[in-house]
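The values are calculated or read from the model by the stated rules, or taken from the named source; none is laboratory data. Treat the numbers as computed from the prediction; the structure is a model and nothing was measured. Surface accessibility is based on the protein's heavy atoms, side chains included, excluding ligands, DNA and RNA. Shrake-Rupley method; radii C 1.70, N 1.55, O 1.52, S 1.80 Å.
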Amino acid sequence: MRITKTTILWLIHAVLLVPLILWAQPSSFGLLIKPSAVKRLTNLATIVALQQQQATPRKYIIKPMNLGINTEIRARSTRNLQVQVTDENDRPVPDAPVLFLLGGNGSGSASAGSVAGQTSLRAVTNAQGFASVEFTAADTVGSAMRLEIRVEGSEALWQGTLSVIRALPTTVASQQSQTVPRKYMIQPMNLGTNTEIRARSTRNLQVQVTDENDHPMPDVPLLFLLSAIGSGSSKAGIVAGQSGSSGAQALAGQTSLRALTNQYGIANMNLTAPDSVGSAMQLQIQVEGSDVVWQGRLSLVQAEAGVESSQNASSPDMANSLLTLDAEEKACTVLINQFREENLQPPVKVSVKLTNAAKWLSHDNADNKPDDPDHTDSLGRDLRKRLVDFGYQADVIKENIVVGAKSAVEALVVWKGSGFHIRNLLSSEMTVIGVGRVCKNSAKSSCHWSVILGSTKD
(Lines give C-alpha, C1' and ligand atoms only; values in the text may rest on other atoms or scores of the structure.)
Protein backbone atom coordinates (compact mmCIF):
# COMPACT_ATOMS: atom_id res chain seq x y z
CA MET A 1 0.00 0.00 0.00
CA ARG A 2 1.34 3.39 -0.99
CA ILE A 3 1.37 5.98 1.77
CA THR A 4 0.52 9.47 0.57
CA LYS A 5 0.82 12.85 2.28
CA THR A 6 -2.94 12.86 2.82
CA THR A 7 -2.76 9.54 4.64
CA ILE A 8 -0.01 10.86 6.91
CA LEU A 9 -2.07 13.95 7.78
CA TRP A 10 -5.08 11.82 8.69
CA LEU A 11 -2.88 9.67 10.93
CA ILE A 12 -1.56 12.76 12.72
CA HIS A 13 -5.11 14.05 13.31
CA ALA A 14 -6.14 10.65 14.68
CA VAL A 15 -3.21 10.62 17.12
CA LEU A 16 -4.09 14.11 18.31
CA LEU A 17 -7.73 13.11 18.89
CA VAL A 18 -6.88 10.15 21.19
CA PRO A 19 -6.16 12.32 24.29
CA LEU A 20 -9.37 14.23 23.68
CA ILE A 21 -11.37 10.99 23.50
CA LEU A 22 -9.84 9.77 26.78
CA TRP A 23 -10.55 13.16 28.36
CA ALA A 24 -14.21 12.98 27.42
CA GLN A 25 -16.95 10.70 28.83
CA PRO A 26 -18.00 8.04 26.27
CA SER A 27 -21.62 7.17 25.60
CA SER A 28 -23.16 4.33 23.63
CA PHE A 29 -22.79 5.89 20.16
CA GLY A 30 -20.74 9.04 20.72
CA LEU A 31 -18.93 11.27 23.09
CA LEU A 32 -20.36 13.50 25.78
CA ILE A 33 -17.81 16.26 26.46
CA LYS A 34 -17.45 17.21 30.11
CA PRO A 35 -18.09 20.89 31.06
CA SER A 36 -14.54 21.11 32.39
CA ALA A 37 -13.27 20.01 29.00
CA VAL A 38 -15.34 22.69 27.26
CA LYS A 39 -13.88 25.34 29.57
CA ARG A 40 -10.34 24.14 28.88
CA LEU A 41 -10.95 24.19 25.15
CA THR A 42 -12.39 27.73 25.39
CA ASN A 43 -9.36 28.92 27.35
CA LEU A 44 -7.10 27.29 24.78
CA ALA A 45 -8.93 29.08 21.95
CA THR A 46 -8.60 32.42 23.78
CA ILE A 47 -4.86 31.92 24.21
CA VAL A 48 -4.46 31.07 20.52
CA ALA A 49 -6.47 34.19 19.53
CA LEU A 50 -4.29 36.42 21.75
CA GLN A 51 -1.15 34.90 20.28
CA GLN A 52 -2.47 35.57 16.77
CA GLN A 53 -3.16 39.22 17.70
CA GLN A 54 0.36 39.57 19.07
CA ALA A 55 1.76 37.97 15.96
CA THR A 56 -0.04 40.60 13.84
CA PRO A 57 0.69 43.97 15.54
CA ARG A 58 -1.51 46.99 14.95
CA LYS A 59 -0.48 48.90 11.85
CA TYR A 60 0.37 52.56 12.42
CA ILE A 61 0.52 55.31 9.81
CA ILE A 62 2.47 58.54 10.39
CA LYS A 63 0.99 61.60 8.67
CA PRO A 64 3.09 64.79 8.52
CA MET A 65 0.97 67.84 9.38
CA ASN A 66 3.41 70.66 8.58
CA LEU A 67 6.31 68.81 7.00
CA GLY A 68 7.32 67.92 3.47
CA ILE A 69 9.96 65.66 1.99
CA ASN A 70 12.27 68.69 2.15
CA THR A 71 11.23 71.33 4.67
CA GLU A 72 13.04 74.67 4.62
CA ILE A 73 13.63 76.45 7.94
CA ARG A 74 15.19 79.86 8.37
CA ALA A 75 18.46 80.16 10.23
CA ARG A 76 18.12 80.94 13.96
CA SER A 77 14.38 80.28 13.91
CA THR A 78 12.30 77.74 15.84
CA ARG A 79 9.83 75.60 13.95
CA ASN A 80 7.13 73.29 15.27
CA LEU A 81 7.26 69.77 13.80
CA GLN A 82 3.90 68.02 14.00
CA VAL A 83 2.60 64.63 12.88
CA GLN A 84 -0.54 62.59 13.40
CA VAL A 85 -0.56 58.85 14.03
CA THR A 86 -3.53 56.83 12.75
CA ASP A 87 -4.29 53.16 12.29
CA GLU A 88 -4.98 51.43 8.98
CA ASN A 89 -8.62 52.58 9.18
CA ASP A 90 -7.57 56.24 9.52
CA ARG A 91 -8.57 56.40 13.19
CA PRO A 92 -6.39 58.62 15.42
CA VAL A 93 -4.16 56.63 17.78
CA PRO A 94 -3.76 58.26 21.22
CA ASP A 95 -0.88 57.62 23.66
CA ALA A 96 1.42 56.33 20.92
CA PRO A 97 5.15 56.92 21.68
CA VAL A 98 6.72 58.81 18.78
CA LEU A 99 10.48 59.21 18.37
CA PHE A 100 11.90 62.18 16.43
CA LEU A 101 15.47 61.45 15.24
CA LEU A 102 17.81 63.98 13.64
CA GLY A 103 20.97 62.92 11.79
CA GLY A 104 23.60 64.54 9.59
CA ASN A 105 22.98 64.71 5.85
CA GLY A 106 26.25 65.51 4.18
CA SER A 107 29.57 67.01 5.27
CA GLY A 108 29.41 69.31 8.23
CA SER A 109 25.63 69.24 8.50
CA ALA A 110 25.38 67.77 11.97
CA SER A 111 25.01 71.26 13.43
CA ALA A 112 22.00 72.25 11.34
CA GLY A 113 19.82 72.38 14.41
CA SER A 114 18.32 70.46 17.27
CA VAL A 115 15.01 69.30 18.66
CA ALA A 116 14.61 71.03 22.02
CA GLY A 117 18.41 71.04 22.39
CA GLN A 118 18.73 67.34 21.47
CA THR A 119 19.20 65.26 18.34
CA SER A 120 16.39 62.96 19.40
CA LEU A 121 13.22 63.45 21.37
CA ARG A 122 10.32 61.26 22.41
CA ALA A 123 6.74 62.55 22.31
CA VAL A 124 3.38 60.92 23.00
CA THR A 125 0.30 61.47 20.82
CA ASN A 126 -2.70 63.23 22.33
CA ALA A 127 -6.33 62.17 22.13
CA GLN A 128 -6.49 63.21 18.45
CA GLY A 129 -3.28 61.33 17.57
CA PHE A 130 -1.13 64.47 17.28
CA ALA A 131 2.47 64.68 18.49
CA SER A 132 4.83 67.64 18.09
CA VAL A 133 8.28 68.91 19.04
CA GLU A 134 10.16 72.18 18.50
CA PHE A 135 13.13 72.35 16.09
CA THR A 136 15.65 75.17 16.54
CA ALA A 137 17.70 75.86 13.43
CA ALA A 138 21.35 76.85 13.75
CA ASP A 139 23.05 79.65 11.79
CA THR A 140 24.66 77.20 9.37
CA VAL A 141 22.95 78.27 6.15
CA GLY A 142 23.00 75.53 3.53
CA SER A 143 23.22 72.69 6.02
CA ALA A 144 20.63 69.96 6.22
CA MET A 145 19.54 67.22 8.56
CA ARG A 146 17.77 63.96 7.95
CA LEU A 147 14.59 63.67 10.04
CA GLU A 148 13.20 60.28 10.94
CA ILE A 149 9.94 59.92 12.83
CA ARG A 150 9.07 56.50 14.21
CA VAL A 151 6.36 54.94 16.34
CA GLU A 152 8.27 53.05 19.00
CA GLY A 153 7.84 49.29 18.87
CA SER A 154 6.45 49.28 15.32
CA GLU A 155 7.64 49.49 11.73
CA ALA A 156 5.91 52.83 11.12
CA LEU A 157 8.43 55.32 9.75
CA TRP A 158 8.36 58.75 8.09
CA GLN A 159 11.49 60.36 6.63
CA GLY A 160 12.30 63.83 5.38
CA THR A 161 14.99 66.49 5.29
CA LEU A 162 15.24 69.80 7.18
CA SER A 163 17.21 72.40 5.23
CA VAL A 164 18.47 75.60 6.82
CA ILE A 165 18.07 78.63 4.56
CA ARG A 166 19.30 82.17 4.95
CA ALA A 167 17.36 84.59 7.10
CA LEU A 168 15.43 87.39 5.44
CA PRO A 169 15.36 89.03 2.97
CA THR A 170 16.57 86.27 0.62
CA THR A 171 13.24 84.44 0.75
CA VAL A 172 11.64 86.60 -1.92
CA ALA A 173 14.67 86.25 -4.21
CA SER A 174 14.57 82.46 -3.91
CA GLN A 175 10.86 82.45 -4.69
CA GLN A 176 11.35 84.65 -7.76
CA SER A 177 13.86 82.13 -9.07
CA GLN A 178 11.20 79.43 -9.13
CA THR A 179 9.42 78.62 -12.39
CA VAL A 180 6.05 79.69 -10.96
CA PRO A 181 6.61 82.39 -8.28
CA ARG A 182 4.20 82.31 -5.36
CA LYS A 183 1.67 85.13 -5.30
CA TYR A 184 1.08 86.94 -2.03
CA MET A 185 -2.07 88.72 -0.88
CA ILE A 186 -2.27 91.16 2.05
CA GLN A 187 -5.55 90.93 3.95
CA PRO A 188 -6.25 93.75 6.47
CA MET A 189 -7.59 92.35 9.73
CA ASN A 190 -8.56 95.51 11.61
CA LEU A 191 -7.88 98.21 9.05
CA GLY A 192 -10.04 99.97 6.50
CA THR A 193 -9.40 102.41 3.69
CA ASN A 194 -9.71 105.16 6.32
CA THR A 195 -9.13 104.00 9.90
CA GLU A 196 -9.82 106.39 12.78
CA ILE A 197 -7.50 106.31 15.79
CA ARG A 198 -8.16 108.26 18.98
CA ALA A 199 -5.57 110.72 20.18
CA ARG A 200 -3.21 109.48 22.92
CA SER A 201 -4.26 105.88 22.35
CA THR A 202 -2.29 102.86 21.16
CA ARG A 203 -3.81 100.94 18.29
CA ASN A 204 -2.84 97.51 17.01
CA LEU A 205 -2.42 97.30 13.22
CA GLN A 206 -2.88 93.74 12.01
CA VAL A 207 -2.79 92.11 8.59
CA GLN A 208 -2.68 88.57 7.26
CA VAL A 209 -0.62 87.35 4.32
CA THR A 210 -2.02 84.48 2.24
CA ASP A 211 -1.22 82.88 -1.08
CA GLU A 212 -3.52 82.89 -4.09
CA ASN A 213 -5.41 79.92 -2.63
CA ASP A 214 -6.02 81.77 0.67
CA HIS A 215 -3.56 79.59 2.60
CA PRO A 216 -1.81 81.42 5.47
CA MET A 217 1.81 82.29 4.69
CA PRO A 218 4.26 82.11 7.64
CA ASP A 219 7.67 83.79 7.84
CA VAL A 220 6.87 86.47 5.24
CA PRO A 221 8.75 89.79 5.70
CA LEU A 222 6.48 92.84 5.77
CA LEU A 223 7.39 96.52 5.68
CA PHE A 224 5.04 98.99 7.38
CA LEU A 225 5.53 102.54 6.03
CA LEU A 226 3.92 105.60 7.63
CA SER A 227 4.09 109.02 6.04
CA ALA A 228 2.38 112.28 7.01
CA ILE A 229 -0.45 113.69 4.89
CA GLY A 230 -0.99 117.45 4.61
CA SER A 231 1.28 119.95 6.33
CA GLY A 232 4.29 117.67 6.60
CA SER A 233 3.73 116.69 10.19
CA SER A 234 6.10 113.80 10.79
CA LYS A 235 4.82 113.28 14.35
CA ALA A 236 1.45 111.83 13.58
CA GLY A 237 2.37 108.60 15.31
CA ILE A 238 5.04 106.26 16.61
CA VAL A 239 5.09 102.67 15.47
CA ALA A 240 6.27 99.85 17.71
CA GLY A 241 6.85 96.30 16.51
CA GLN A 242 5.69 92.98 17.84
CA SER A 243 7.46 89.65 18.23
CA GLY A 244 10.88 89.98 16.73
CA SER A 245 10.45 93.03 14.48
CA SER A 246 13.22 95.61 14.27
CA GLY A 247 13.02 99.10 15.67
CA ALA A 248 11.37 101.99 13.87
CA GLN A 249 13.56 104.37 11.89
CA ALA A 250 13.03 107.65 10.06
CA LEU A 251 13.48 107.35 6.29
CA ALA A 252 13.05 110.58 4.31
CA GLY A 253 10.20 111.83 6.47
CA GLN A 254 8.72 108.34 6.86
CA THR A 255 8.54 105.89 9.72
CA SER A 256 9.18 102.31 8.68
CA LEU A 257 9.20 99.01 10.49
CA ARG A 258 9.73 95.42 9.48
CA ALA A 259 7.72 92.50 10.80
CA LEU A 260 7.48 88.79 10.14
CA THR A 261 4.23 86.86 9.80
CA ASN A 262 3.59 84.08 12.33
CA GLN A 263 2.46 80.53 11.55
CA TYR A 264 -1.05 81.81 10.75
CA GLY A 265 0.23 84.48 8.35
CA ILE A 266 -0.50 87.24 10.90
CA ALA A 267 1.75 90.28 11.45
CA ASN A 268 1.14 92.97 14.09
CA MET A 269 2.27 96.55 14.71
CA ASN A 270 1.29 98.97 17.46
CA LEU A 271 0.72 102.63 16.59
CA THR A 272 0.79 105.16 19.41
CA ALA A 273 -1.13 108.27 18.35
CA PRO A 274 -0.13 111.74 19.63
CA ASP A 275 -2.55 114.51 20.59
CA SER A 276 -2.57 116.12 17.14
CA VAL A 277 -6.29 115.75 16.41
CA GLY A 278 -7.15 116.21 12.75
CA SER A 279 -3.81 114.99 11.40
CA ALA A 280 -3.57 111.96 9.16
CA MET A 281 -0.99 109.49 7.93
CA GLN A 282 -0.70 107.35 4.85
CA LEU A 283 -0.11 103.68 5.76
CA GLN A 284 1.53 101.41 3.22
CA ILE A 285 2.13 97.73 3.93
CA GLN A 286 4.35 95.84 1.51
CA VAL A 287 5.75 92.34 1.19
CA GLU A 288 9.47 93.00 1.11
CA GLY A 289 11.08 92.48 -2.27
CA SER A 290 7.77 92.23 -4.11
CA ASP A 291 5.18 94.53 -5.65
CA VAL A 292 2.43 93.35 -3.28
CA VAL A 293 1.15 96.45 -1.46
CA TRP A 294 -1.84 97.43 0.67
CA GLN A 295 -2.58 101.12 1.29
CA GLY A 296 -4.85 102.96 3.68
CA ARG A 297 -5.22 106.15 5.71
CA LEU A 298 -4.96 106.65 9.49
CA SER A 299 -6.86 109.65 10.86
CA LEU A 300 -6.55 110.99 14.41
CA VAL A 301 -9.82 111.85 16.16
CA GLN A 302 -10.67 113.29 19.58
CA ALA A 303 -10.08 110.97 22.53
CA GLU A 304 -13.04 109.80 24.61
CA ALA A 305 -12.57 108.87 28.23
CA GLY A 306 -12.81 105.16 28.98
CA VAL A 307 -13.37 103.96 25.42
CA GLU A 308 -10.02 102.25 24.93
CA SER A 309 -9.90 100.60 28.32
CA SER A 310 -13.39 99.18 27.96
CA GLN A 311 -12.34 97.26 24.86
CA ASN A 312 -9.92 95.04 26.74
CA ALA A 313 -12.07 92.65 28.72
CA SER A 314 -9.99 90.27 30.79
CA SER A 315 -12.02 87.11 30.24
CA PRO A 316 -15.16 85.89 28.48
CA ASP A 317 -18.37 86.03 30.47
CA MET A 318 -20.20 82.72 30.12
CA ALA A 319 -22.50 83.10 33.09
CA ASN A 320 -25.68 83.48 31.06
CA SER A 321 -25.03 80.65 28.61
CA LEU A 322 -22.61 78.23 30.21
CA LEU A 323 -25.34 75.64 30.74
CA THR A 324 -26.19 75.61 27.01
CA LEU A 325 -22.70 74.46 25.97
CA ASP A 326 -21.37 70.92 26.19
CA ALA A 327 -17.75 70.20 27.15
CA GLU A 328 -16.39 70.39 23.58
CA GLU A 329 -18.31 73.59 22.81
CA LYS A 330 -16.88 75.20 25.96
CA ALA A 331 -13.43 74.01 24.92
CA CYS A 332 -13.91 75.54 21.48
CA THR A 333 -14.79 78.91 23.01
CA VAL A 334 -11.72 78.79 25.24
CA LEU A 335 -9.44 77.81 22.34
CA ILE A 336 -10.77 80.61 20.15
CA ASN A 337 -10.15 83.18 22.89
CA GLN A 338 -6.65 81.80 23.40
CA PHE A 339 -6.08 82.10 19.66
CA ARG A 340 -7.32 85.70 19.73
CA GLU A 341 -5.10 86.52 22.71
CA GLU A 342 -2.05 85.06 20.93
CA ASN A 343 -2.76 87.41 18.05
CA LEU A 344 -3.42 90.51 20.18
CA GLN A 345 -7.20 90.51 19.92
CA PRO A 346 -9.58 90.91 22.89
CA PRO A 347 -11.64 87.91 24.03
CA VAL A 348 -15.25 87.40 23.02
CA LYS A 349 -18.13 86.63 25.37
CA VAL A 350 -20.65 83.86 24.90
CA SER A 351 -23.99 84.99 23.47
CA VAL A 352 -27.15 82.97 24.14
CA LYS A 353 -28.74 84.10 20.87
CA LEU A 354 -25.68 83.26 18.78
CA THR A 355 -25.31 79.93 20.59
CA ASN A 356 -28.90 78.99 19.79
CA ALA A 357 -28.44 80.01 16.15
CA ALA A 358 -25.19 78.04 15.85
CA LYS A 359 -26.73 74.92 17.37
CA TRP A 360 -29.72 75.18 15.04
CA LEU A 361 -27.50 75.36 11.94
CA SER A 362 -25.41 72.38 13.07
CA HIS A 363 -28.60 70.33 13.59
CA ASP A 364 -29.95 71.49 10.24
CA ASN A 365 -26.78 70.57 8.35
CA ALA A 366 -26.51 67.21 10.10
CA ASP A 367 -30.12 66.36 9.19
CA ASN A 368 -30.38 67.82 5.70
CA LYS A 369 -26.83 68.28 4.35
CA PRO A 370 -24.69 65.74 6.21
CA ASP A 371 -21.96 65.53 3.57
CA ASP A 372 -22.11 69.06 2.18
CA PRO A 373 -22.88 71.57 4.97
CA ASP A 374 -23.75 75.11 3.97
CA HIS A 375 -24.10 78.57 5.50
CA THR A 376 -27.56 78.80 3.90
CA ASP A 377 -29.93 76.60 5.87
CA SER A 378 -32.67 74.29 4.60
CA LEU A 379 -35.21 77.13 4.94
CA GLY A 380 -33.23 79.23 2.48
CA ARG A 381 -31.98 81.70 5.10
CA ASP A 382 -28.46 83.12 4.94
CA LEU A 383 -26.55 83.98 8.12
CA ARG A 384 -27.96 87.48 8.59
CA LYS A 385 -31.59 86.44 8.00
CA ARG A 386 -31.23 83.47 10.33
CA LEU A 387 -29.77 85.65 13.10
CA VAL A 388 -32.63 88.14 12.78
CA ASP A 389 -35.06 85.27 13.34
CA PHE A 390 -33.13 84.38 16.50
CA GLY A 391 -33.42 87.98 17.71
CA TYR A 392 -29.85 89.09 16.98
CA GLN A 393 -28.67 91.97 14.79
CA ALA A 394 -25.19 93.43 14.30
CA ASP A 395 -23.26 95.39 11.70
CA VAL A 396 -20.55 92.74 11.46
CA ILE A 397 -21.16 88.98 11.70
CA LYS A 398 -18.90 86.03 10.87
CA GLU A 399 -19.54 82.29 10.67
CA ASN A 400 -17.27 79.24 10.45
CA ILE A 401 -18.57 75.71 9.85
CA VAL A 402 -16.83 72.35 9.52
CA VAL A 403 -17.83 68.69 9.34
CA GLY A 404 -15.62 65.78 10.31
CA ALA A 405 -14.06 67.25 13.47
CA LYS A 406 -14.94 65.25 16.56
CA SER A 407 -13.29 67.66 19.00
CA ALA A 408 -12.70 71.38 19.40
CA VAL A 409 -9.00 70.83 18.78
CA GLU A 410 -9.68 69.16 15.43
CA ALA A 411 -12.07 71.95 14.40
CA LEU A 412 -9.47 74.63 15.17
CA VAL A 413 -6.82 72.71 13.22
CA VAL A 414 -9.05 72.85 10.14
CA TRP A 415 -9.91 76.54 10.51
CA LYS A 416 -6.32 77.55 11.21
CA GLY A 417 -5.36 76.12 7.83
CA SER A 418 -7.57 78.63 5.99
CA GLY A 419 -6.88 82.34 5.72
CA PHE A 420 -10.59 83.15 5.45
CA HIS A 421 -11.48 81.25 8.61
CA ILE A 422 -8.56 82.73 10.52
CA ARG A 423 -9.70 86.24 9.63
CA ASN A 424 -13.18 85.42 10.89
CA LEU A 425 -11.87 84.16 14.24
CA LEU A 426 -9.48 87.08 14.72
CA SER A 427 -11.73 89.92 13.57
CA SER A 428 -11.12 92.85 15.92
CA GLU A 429 -14.77 93.95 15.68
CA MET A 430 -16.12 90.79 17.28
CA THR A 431 -17.39 90.95 20.88
CA VAL A 432 -19.63 87.86 21.24
CA ILE A 433 -19.62 84.25 20.08
CA GLY A 434 -21.92 81.25 19.75
CA VAL A 435 -20.78 77.66 19.27
CA GLY A 436 -22.87 74.65 18.24
CA ARG A 437 -21.75 71.05 17.78
CA VAL A 438 -24.02 68.17 16.72
CA CYS A 439 -22.82 64.58 16.26
CA LYS A 440 -25.15 62.27 14.34
CA ASN A 441 -24.75 59.20 12.17
CA SER A 442 -24.35 60.43 8.62
CA ALA A 443 -22.42 59.50 5.53
CA LYS A 444 -19.33 60.91 7.23
CA SER A 445 -20.34 59.59 10.66
CA SER A 446 -18.96 62.60 12.46
CA CYS A 447 -19.80 65.97 13.94
CA HIS A 448 -21.04 69.23 12.49
CA TRP A 449 -19.68 72.48 13.98
CA SER A 450 -20.92 76.05 13.64
CA VAL A 451 -19.25 79.10 15.17
CA ILE A 452 -20.87 82.52 14.88
CA LEU A 453 -19.24 85.80 15.95
CA GLY A 454 -20.91 89.19 16.16
CA SER A 455 -19.98 92.79 16.85
CA THR A 456 -23.01 93.58 19.08
CA LYS A 457 -23.62 92.16 22.56
CA ASP A 458 -26.99 90.58 23.39
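Odds and ends about this structure:
- Mean separation of Cα contacts under 8 Å, 6 or more apart, over the residue count of region 356-448: relative contact order %: 42 percent
- Amide H contacts under 5 Å for residue 156: 60, 151, restricted to partners 5 or more places along the chain or on a different chain, H placed in the peptide plane at 1.01 Å from N.
- 5 angstrom amide H check on residue 74, placed H, neighbours 5+ away: 165
- For residue 187, the residues 5 or more places off, or on other chains, whose built amide H falls under 5 Å of its own are 208, 209, 210.
- Residues 353, 406, sorted by accessible area with the largest first, give 406, 353 [1.4 Å probe; ligands and nucleic acids excluded].
- The base-10 log of I(q)/I(0) for region 391-458, evaluated at q = 0.29 Å⁻¹, reads -1.24 [Debye formula, identical scatterers on Cα atoms, solvent excluded].
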